[in-house]
Amino acid sequence: MESKTALYEVHKEMGARMVPFAGWSMPLHYGSQIEEHHAVRRDAGMFDVSHMLVLDLEGGNARSFLRHLLANDVDRLQDSGRALYSCMLNEQGGVMDDLIVYRLGDDWFRMVVNAGCADKDLAWIERQARPFCVAVRPRRDLAMVAVQGPRAREKATPLLPPGFAGVVAGMPVFHAAVAADWLVARTGYTGEDGFEIMLPQGAAPALWRALAGAGVSPCGLGARDTLRLEAGMNLYGSDMDEQTSPLESGLGWTIAWEPKERDFIGRKALEPRRDDPANRRLVGLLLEGRGVLRNHQKVFSGAAGIGEVTSGGFAPTLQRSIALARVRPDIGETCSVEIRGRRVPARVVRPPFVRRGKACIDLEGVKS
Amino acid sequence: MSEIPTDLRYCGTHEWVSGVEDGVVTVGITDHAQEQLGDLVFVELPEVGTPVEAEAECAVVESVKAASDIYSPVDGEVVEVNEALADSPELINDDPYGDGWMFKIRVADETDLDNLLDADGYREVAEAE
């Protein structure tokens with residue numbers, strides 16, 4: 001039996017098609033995944049992301065603990081109310097999870113990790129935290145709603161508890177504000193502007209209904225996936241996992257190598273591979289022939305197999321099929337992908353494909 | 001529950017088949033099938049003139065979620081395909097039994113149609129999923 005979020009009944013009432021996902025019953029869509037995708041690119045949409053695990057880390061050593069636990073450096077968070085994207089690595093340098101960490105005080109940090117990794121992450125973090133005497137507190141009492149799109153902030157701000165309006169008005173990207181048990185962050189997973197809102201479970205249905213009343217479209221996991229793929233954002237378990245290093249997952253930029261003496265988990269294994277020209281690359285593909293790119297399809301350069309699609313699909317904003325693929329470093333500007341027994345030409349591009357409603361890649365020269 | 005017109009015949013693999021007109025039947029996928037697939041984004045149809053065999057793959061539909069094979073309900077030859085689906089695969093979502101039809105087959109042996117399900121038989125298949 002899957003777990004239910006605080007919004008389960010509201011989803012059913014709003015016509016969601018519910019599917020099992022990482023042990024949770026979650027909305028796939030509320031009618032049309034593509035319309036939900038467009039709502040986020042053009043106006044505003046909302047996602048129930050309460051299945052993700054919120055972890056509070058508290059104690060005088062919380063900062064030094066996170067500097068050991070994470071590949072990115074929480075010392076980049078100079079003030080409370082700032083957020084950072086990071087990988088959490090194992091000793092071999094493989095990616096255990098990717099996450100956002102918030103600094104909420106001098107001795108208080110918060111992490112949001114993937115639902116599919118929650119149990120594994122919690123066990124790992126508790127074990128690593130023990131020598132640091134840092135308290136690890138799962139916050140299953142909180143729900144989380146992402147409101148995304150060019151009009152998301154304007155529609156959501158008036159519905160936040162009193163006190164937030166002034167604070168979030170000019171809040172920069174990757175900043176967060178906290179009041180009572182609410183946290184409002186200017187973050188997301190769609191390539192659009194917006195908020196991610198953590199709040200007490202009991203308050204979630206009322207916020208969801210109020211957002212719907214303000215014209216924010218409910219969106220499911222389906223649109224969440226096509227939006228993040230267009231935005232060129234990795235999906236844990238597809239684009240990287242414990243067997244792949246961030247250096248081969250397009251995530252080298254998230255590793256803080258300086259200062260040299262910071263001993264984060266995975267550093268010893270990764271450092272020798274840091275500038276290895278043999279590292280595979282995670283690239284974007286734009287399909288030039290007909291068909292749809294899908295996970296695990298093989299990528300070819302001439303007759304030689306050079307890699308595999310890690311996330312493929314149809315990009316509603318571009319009306320083309322796109323993918324992320326892990327390939328040999330010597331890939332050229334074009335390749336082909338085996339789709340159902342046929343080799344279909346594709347162009348190698350640099351993600352993101354779409355940001356803030358606009359195509360970031362040149363679609364010209366593409367045969368439809 | 002999805003719509004299952006009583007004047008059509010069905011395959012367990014979710015294709016519908018119209019009545020025979022001048023030896024030709026029209027084939028598409030059911031309302032239930034399009035609902036399960038989600039928004040369709042790509043359709044690959046057979047070429048006109050292709051011989052097809054009952055229960056053999058003859059077309060592909062791809063949704064935002066996955067690719068699905070479409071099987072020919074009967075032996076015969078493809079005589080017409082719905083060209084509009086190339087640019088507007090969503091016609092299958094919007095009108096699976098009308099504008100979303102997929103192809104027409106000249107039937108080799110019309111008694112083959114007796115092997116197909118009626119609406120009640122197909123409803124059982126769809127509900128069992």
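Considering each of B:3, B:80 in turn, give the residue that is in contact (Cβ under 8 Å) with a residue 12 or more places away in the chain, away from every other protein chain (no Cβ under 14 Å), surrounded by fewer than 19 Cβ atoms within 10 Å (Cβ to Cβ) and assigned to a strand (DSSP E or B). If you could, list the steps in order and put the result at the bottom.
Working: B:3 fails: assigned to a strand (DSSP E or B).
Being in contact (Cβ under 8 Å) with a residue 12 or more places away in the chain, away from every other protein chain (no Cβ under 14 Å), surrounded by fewer than 19 Cβ atoms within 10 Å (Cβ to Cβ) and assigned to a strand (DSSP E or B) holds for just one of B:3, B:80, which is B:80.
Annotation note: of A:227, A:211, A:251, A:183, the sole residue that is surrounded by 19 or more Cβ atoms within 10 Å (Cβ to Cβ), touching a residue at least 24 places away in the same chain (Cβ under 8 Å) and within 14 Å of chain B (Cβ to nearest Cβ) is A:227. Residues in segment B:21-40 that are polar (S, T, N, Q) and more than 14 Å from chain A (Cβ to nearest Cβ): B:26, B:30. Just to be sure before I move on: is residue B:60 in contact (Cβ under 8 Å) with a residue 40 or more places away in the chain and assigned to a strand (DSSP E or B) in the structure I sent? No, not satisfied.
Out of A:293, A:318, A:287, which single residue is surrounded by fewer than 20 Cβ atoms within 10 Å (Cβ to Cβ), within 12 Å of another protein chain (Cβ to nearest Cβ) and modelled with pLDDT of 95 or more? Working first, answer last.
On the way: A:293 fails: surrounded by fewer than 20 Cβ atoms within 10 Å (Cβ to Cβ); A:287 fails: surrounded by fewer than 20 Cβ atoms within 10 Å (Cβ to Cβ).
Selected residue: A:318, the only one of A:293, A:318, A:287 that is surrounded by fewer than 20 Cβ atoms within 10 Å (Cβ to Cβ), within 12 Å of another protein chain (Cβ to nearest Cβ) and modelled with pLDDT of 95 or more.
The set of residues in segment A:230-248 being under 22 Å from residue A:52 (Cβ atoms), more than 14 Å from chain B (Cβ to nearest Cβ) and not in a loop (DSSP other than H, G, I, E, B) consists of A:236, A:240, A:246.
Just one of A:28, A:70, A:77 is at pLDDT 95 or above, touching a strand residue (DSSP E or B) at 6+ places or on another chain (Cβ under 8 Å) and under 14 Å from residue A:99 (Cα atoms); which is it? Steps first, answer last, please.
Working: A:28 fails: under 14 Å from residue A:99 (Cα atoms); A:77 fails: under 14 Å from residue A:99 (Cα atoms).
Exactly one residue qualifies, and that residue is A:70.
One residue stands out in segment B:6-38 among those that are of a type in the set (A, V, I, L, M) and part of a strand (DSSP E or B): the one that is surrounded by the fewest Cβ atoms within 10 Å (Cβ to Cβ), namely B:24. Every condition in (1) within 14 Å of chain A (Cβ to nearest Cβ); (2) loosely packed, with under 15 Cβ neighbours inside 10 Å holds for residue B:56 except the one numbered (1).
Suppose we filter segment A:23-40 for residues that are outside any strand (DSSP E or B) and surrounded by 24 or more Cβ atoms within 10 Å (Cβ to Cβ); how many remain?
Narrowing segment A:23-40 to residues outside any strand (DSSP E or B): A:23, A:30-40.
Of the ones still in play, those that are also surrounded by 24 or more Cβ atoms within 10 Å (Cβ to Cβ) are A:33, A:36-37, A:40.
Residues flagged as outside any strand (DSSP E or B) and surrounded by 24 or more Cβ atoms within 10 Å (Cβ to Cβ) within segment A:23-40 amount to 4.
Go through segment A:330-344 residue by residue and tally those that are assigned to a loop (DSSP other than H, G, I, E, B), closer than 20 Å to residue A:280 by Cβ and touching an Asp or Glu at 6+ places or on another chain (Cβ under 9 Å). It would help to see each step written out before you state the result.
Initial filter on segment A:330-344 (assigned to a loop (DSSP other than H, G, I, E, B)): A:330-333, A:340-341.
Next, from what is left, pick out any that are closer than 20 Å to residue A:280 by Cβ: A:330-333.
Then keep just the ones that are touching an Asp or Glu at 6+ places or on another chain (Cβ under 9 Å); that gives none.
The number of residues fulfilling the criteria is 0.
Any idea which of A:262, A:209 is among the charged types (D, E, K, R), in a helix (DSSP H, G or I), at pLDDT 95 or above and over 20 Å from residue A:318 (Cα atoms)? A:209 is the lone residue from the list that is among the charged types (D, E, K, R), in a helix (DSSP H, G or I), at pLDDT 95 or above and over 20 Å from residue A:318 (Cα atoms). Quick one: is residue A:347 of a type in the set (Lys, Arg), within 14 Å of chain B (Cβ to nearest Cβ) and either assigned to a strand (DSSP E or B) or under 25 Å from residue A:251 (Cα atoms) (or both)? It is false that residue A:347 is of a type in the set (Lys, Arg), within 14 Å of chain B (Cβ to nearest Cβ) and either assigned to a strand (DSSP E or B) or under 25 Å from residue A:251 (Cα atoms) (or both). If only residues of segment A:296-315 that are away from chain B (no Cβ under 14 Å) and among the β-branched types (Val, Ile, Thr) are counted, the one that is nearest to residue A:38 (Cα to Cα) is A:310.
Listed by first and then second residue, the pairs with beta-carbon distance under 7 Å, at least 6 apart or on different chains, first residue in segment B:41-52 and within 14 Å of chain A (Cβ to nearest Cβ) and crowded, with 17+ Cβ neighbours inside 10 Å, second in a strand (DSSP E or B) and charged (D, E, K, R), are B:41/B:62; B:42/B:62.
The values are calculated or read from the model by the stated rules, or taken from the named source; none is laboratory data. Note that the structure is predicted; figures quoted are calculated from it, not measured. Neighbour counts run over all protein chains shown; Cβ positions are idealised from the backbone, glycine included.
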